[in-house]
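The values are calculated or read from the model by the stated rules, or taken from the named source; none is laboratory data. Please read all numbers here as calculations on a predicted model, not as lab measurements. FYI the Cβ positions are ideal-geometry reconstructions off the backbone, even for glycines, and counts take in every protein chain you see.
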Amino acid sequence: MLYKISANTSKNQNYFFDFTNLLTALIFFSLAQSENWLWGFQIALFLINFCVILSCFILIPIPDKNSTLLVSPLSKGGQGGVKSVVLLIIIGLTQNQVKPKTKLLLAAIPCLIASFSSAQGLMSWLALIPSVIVISKLGNQRKKYLTFWITLFAISSLIYSIGYTQETKIINLTFLERLFTSIHFFFNLIAAPLTNSYSFSSYLGLIIILNFIGLGCYCFINRKDQEYLLKSCSPWFCIGIFGILCSVLITLGRYDYGANYAISTSRYTTHSLLLIITVIQLWFIIISQGNFLNRNYYPKLIYSFIGGILVCLIAVKSEIAIAQAQTDLINKQRGETCLELINYLEESKFFKTHPERCLLRLSKTTWWIQDGVKQLQRIKLRNWANNITFKTKSEQLYGYIDFPLSGDQPLKLKPKNDLSLKGWAIFPQQQNQPQLVFFSQGNQHTFFANANVGLNSPDIAQVLDSPLYNYARWEIKIPAVQWRYGLGNTTIKAWVYNRDHHEFIPLKGEFKIMLEKD
């Protein structure tokens, strides 16, 4: 769809046009979005992008006689023919036979879909205002269309706000600290699709923003002399503004995680990369307009040089993203396992606040996951596992609690103490190894805490003579306030979950604890 917009807003469709759209494709399908590619829950972000781009395509101004319109030929028969017919119907929306009012109504449909996919989707209404303005030359019609568009935005926002609960801030900052952190976060977010450098990213983000503003000023200043220029650029301005508005919205909601959080996480780049694509396409339109490219060789040379730099940045970012995705995949698998076993997780302080709780792999806040699961099960829309077998003994060795050592005497703890647990866990002779260890107390078949398996364990691999066990160790600290005062001798057990056999298997080395007064 981006290619179709580019084809409909460009006069020159030569090798320079192909280079621009190749660069656009590299950014749009960048591995910088690795977290969103891996996590199906984030498909809403891709849907929102598609809806915005589709609406921009529908609202492309009627081309003049000198502009070109790319129409793919129909394939002969079969599925290809059907696809081509659908494509031609969509492309026909930019032709003279479709009235501006009809275009506006059709463009509103994807925006409505985007609005109720995620909060970022609401920004689509504001972002498309430039295209709504240029869709008609008559001043009265423009006012009517703009009023209609803003009214839809207001109604969508009102409906979306019903039942909305704002997340509590993690840290308290002064006004100046919030302002500085927000600005730094915003520029980092804009540059995140291209770099992981904490020191360089904010400057790169500033350069991208200044380019967008400068290109916008150029088109606005020359709007009377070059009417075609403003109409050609309006879809791209909408896409760029959408990227900026989404980045602002994300900044307001996430700046308290720290300015560098925008770089360290990849989930927010799906929207911000649209601004980079916009700047690339706008530069191409301006450089290639009015045979300017043929008269002057240097703009083309500079554009190609900067394009080469962008390709290098994308390559480096992709290499980093692959390594990061491998880690993210493990974390997501841990989160998936945790969600599968959510009926066995107690509402303990550990699963509410501990930084190592497994549900934290799915979201920075976990209360809504637990509440959402209860609601889904209450209305019988989704059921999670609740009949898993707890094995009392295992014929094979699946792991051990190395510390604290088991014995007849209980380990005495005070509320201010932390209980340190260390050990290792394996699945004997299986390619897939356990990633989580769960802890229960007494004879309960629920868990009050978990630990991540994955610490280096060359000794285990050497003793058991298998490289499968190179990362079998785990370690966790659990605050003693987890338990109430007066708790008698309580046995702590560790378990691993075998998904293939739908069972919990105990680790050896269970021990007892007793909570005392301070």
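Select from segment 337-368 the residues that are of a type in the set (Asp, Glu) and either farther than 18 Å from Asn383 by Cα or at pLDDT below 90 (or both) and list them in ascending order. Glu347, Glu356 - these are the residues of segment 337-368 that are of a type in the set (Asp, Glu) and either farther than 18 Å from Asn383 by Cα or at pLDDT below 90 (or both). Check whether at least one residue in segment 136-149 is surrounded by 15 or more Cβ atoms within 10 Å (Cβ to Cβ), in the same structural domain as Leu249 (by TED's automatic domain parsing) and modelled with pLDDT under 85, and report yes or no. Yes - at least one qualifying residue is present in segment 136-149. Among the residues making up segment 352-376, those that are in contact (Cβ under 8 Å) with a residue 12 or more places away in the chain and not hydrophobic (A, V, I, L, M, F, W, C) are Lys352, His354, Glu356, Arg357, Arg361, Lys364, Thr365, Thr366, Gln370. For segment 349-375, the tally of residues that are touching a helix residue (DSSP H, G or I) at 6+ places or on another chain (Cβ under 9 Å), polar (S, T, N, Q) and either within 21 Å of Tyr261 (Cα to Cα) or in the same structural domain as Arg254 (by TED's automatic domain parsing) (or both) stands at 2. Filtering segment 400-424 to residues that are at pLDDT 90 or above, out of contact with any Pro (no Cβ under 7 Å at 6 or more places or on another chain) and under 11 Å from Lys477 (Cβ atoms) leaves Leu419, Ser420, Leu421, Lys422. Do we find that Ala154 is over 26 Å from Thr278 (Cα atoms), assigned by TED's automatic domain parsing to the domain that holds Glu35 and surrounded by fewer than 18 Cβ atoms within 10 Å (Cβ to Cβ) in this structure? In short, yes.
Of everything in segment 8-19 that's in contact with a helix residue (DSSP H, G or I) (Cβ under 8 Å, 6 or more places away or on another chain) and surrounded by fewer than 22 Cβ atoms within 10 Å (Cβ to Cβ), which residue is nearest to Leu245 (Cα to Cα)? Looking at residues that are in contact with a helix residue (DSSP H, G or I) (Cβ under 8 Å, 6 or more places away or on another chain) and surrounded by fewer than 22 Cβ atoms within 10 Å (Cβ to Cβ), I get Asn8. Taking the listed residues Ser288, Ser247, Ser234, Ser272, the one that is touching a Leu at 6+ places or on another chain (Cβ under 9 Å), assigned to a helix (DSSP H, G or I), at pLDDT below 90 and assigned by TED's automatic domain parsing to the domain that holds Phe46 is Ser234, with no other qualifying. Filter segment 232-264 down to the residues that are surrounded by 20 or more Cβ atoms within 10 Å (Cβ to Cβ) and either among the hydroxyl-bearing types (Ser, Thr, Tyr) or in contact with a strand residue (DSSP E or B) (Cβ under 6 Å, 6 or more places away or on another chain) (or both) and list them by number. Ser232, Ser234, Ser247, Thr251, Tyr255, listed by residue number.
Taking segment 265-290 as the search range and keeping residues that are polar (S, T, N, Q) and surrounded by fewer than 21 Cβ atoms within 10 Å (Cβ to Cβ), which one is nearest to Asn14 (Cα to Cα)? For segment 265-290, the residue satisfying everything is Gln289. Tyr398 meets each of the listed conditions (1) in contact (Cβ under 8 Å) with a residue 60 or more places away in the chain; (2) more than 23 Å from Glu347 (Cβ to Cβ); (3) over 38 Å from the mean Cα position of the chain (by Cα) apart from (3).
Please verify whether Phe186 is within 19 Å of Tyr261 (Cα to Cα) and either in a helix (DSSP H, G or I) or not β-branched (Val, Ile, Thr) (or both), treating the condition exactly as stated. In short, yes. Restricting attention to segment 241-258, the residues being of a type in the set (Phe, Trp, Tyr) and under 22 Å from Asn172 (Cβ atoms) number 2. With respect to (1) assigned by TED's automatic domain parsing to the domain that holds Leu54; (2) within 23 Å of the chain's Cα centre (by Cα), the lone exception for Tyr298 is condition (2). Residue-level check: of (1) surrounded by 17 or more Cβ atoms within 10 Å (Cβ to Cβ); (2) more than 23 Å from the chain's Cα centre (by Cα); (3) more than 30 Å from Leu26 (Cβ to Cβ); (4) not assigned by TED's automatic domain parsing to the domain that holds Trp483, Leu413 misses just (4).
Conditions tested, residue by residue: (1) touching a strand residue (DSSP E or B) at 6+ places or on another chain (Cβ under 7 Å); (2) farther than 30 Å from Tyr228 by Cα; (3) touching a residue at least 12 places away in the same chain (Cβ under 8 Å).
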residue: Leu275; (1), (2), (3): no, no, yes
residue: Gln281; (1), (2), (3): no, no, yes
residue: Ile302; (1), (2), (3): no, no, no
residue: Gly308; (1), (2), (3): no, no, no
residue: Ile314; (1), (2), (3): no, yes, yes
residue: Ile322; (1), (2), (3): no, yes, yes
residue: Asp328; (1), (2), (3): no, yes, yes
residue: Glu347; (1), (2), (3): no, yes, yes
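Would it be correct to say that Ser420 is more than 36 Å from the chain's Cα centre (by Cα) and either outside any loop (DSSP other than H, G, I, E, B) or surrounded by 13 or more Cβ atoms within 10 Å (Cβ to Cβ) (or both)? Criteria not met by Ser420. Somewhere in segment 446-456, is a residue of a type in the set (Phe, Trp, Tyr) and outside any strand (DSSP E or B)? Yes: segment 446-456 contains one or more residues that are of a type in the set (Phe, Trp, Tyr) and outside any strand (DSSP E or B). Going by the structure shown, is Tyr198 without any contact (Cβ under 8 Å) to a residue 12 or more places away in the chain and either out of contact with any Gly (no Cβ under 8 Å at 6 or more places or on another chain) or not in a helix (DSSP H, G or I) (or both)? Judged against the criteria, Tyr198 is not a match.
Within segment 333-340, does at least one residue satisfy the condition of being under 15 Å from Phe504 (Cβ atoms) and not β-branched (Val, Ile, Thr)? Yes, segment 333-340 contains a residue that is under 15 Å from Phe504 (Cβ atoms) and not β-branched (Val, Ile, Thr).
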